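Encoded as structure tokens, the structure appears first; notes follow it.
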Amino acid sequence: MALEISGKIFSILPEQSGNGQNGPWVKQSFVIETASDRFPKKICFQAWNDKGELVTRLKPGDEVKVAFDLESREFNGKWYTDARVWKMELLNQSTPASANTSGSSFNEDMPPPPADDLPF
């Protein structure tokens, strides 16, 4: 299921990394706030490996369009849902300092997530 949504960067969370069965992995999470609804919503996304590189250049307030897939997994009777980025486009910037990301996007398909022993 491929979905798309636009919003402003609300927050960029610390990068996470580790080693799984398929080698090293990097995950960059970020939160956007939608403006299209009457009541704005905050949504947390995950960008894996090379997709996270663009996220590190963004600043709160930058407007982005995010294409993502939703995936849920069950662990011990509880369900966990991820919104995994596979494409992102910068719509405009909040400050001139982030001008080097103008027009940046990543369009290649996202590789499968690393297999590791984490429950979520």
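The values are calculated or read from the model by the stated rules, or taken from the named source; none is laboratory data. Predicted model only: the values in this text are computed from it and were never measured. So basically every Cβ, Gly included, is an ideal-geometry build from the backbone, and we count neighbours across all protein chains shown.
Selection of the stretch 42-58 for residues being at pLDDT below 90 and surrounded by fewer than 18 Cβ atoms within 10 Å (Cβ to Cβ) yields 49, 50, 53, 56, 57. For the stretch 8-24, which residues satisfy the criterion of being more than 12 Å from the chain's Cα centre (by Cα) and closer than 14 Å to residue 89 by Cβ? 8, the sole residue that qualifies. Of the listed requirements (1) modelled with pLDDT of 80 or more; (2) loosely packed, with under 15 Cβ neighbours inside 10 Å; (3) in a loop (DSSP other than H, G, I, E, B), residue 108 misses just one: (1).
Restricting to the stretch 54-89, count the residues that are out of contact with any strand residue (DSSP E or B) (no Cβ under 7 Å at 6 or more places or on another chain) and without any contact (Cβ under 8 Å) to a residue 12 or more places away in the chain. Even if it seems obvious, please write down each step before you answer.
Taking the stretch 54-89 and keeping what is out of contact with any strand residue (DSSP E or B) (no Cβ under 7 Å at 6 or more places or on another chain), we get 57, 74-78.
Filter once more, so that each one left must be without any contact (Cβ under 8 Å) to a residue 12 or more places away in the chain: 74, 77-78.
Within the stretch 54-89, residues that are out of contact with any strand residue (DSSP E or B) (no Cβ under 7 Å at 6 or more places or on another chain) and without any contact (Cβ under 8 Å) to a residue 12 or more places away in the chain number 3.
Filtering the stretch 25-48 down to residues that are within 11 Å of the chain's Cα centre (by Cα) and of a type outside the set (A, V, I, L, M), which residue is nearest to residue 10 (Cα to Cα)? This residue is 30.
Among the numbered conditions (1) within 10 Å of the chain's Cα centre (by Cα); (2) at positive phi, the only one that residue 68 does not meet is (2).
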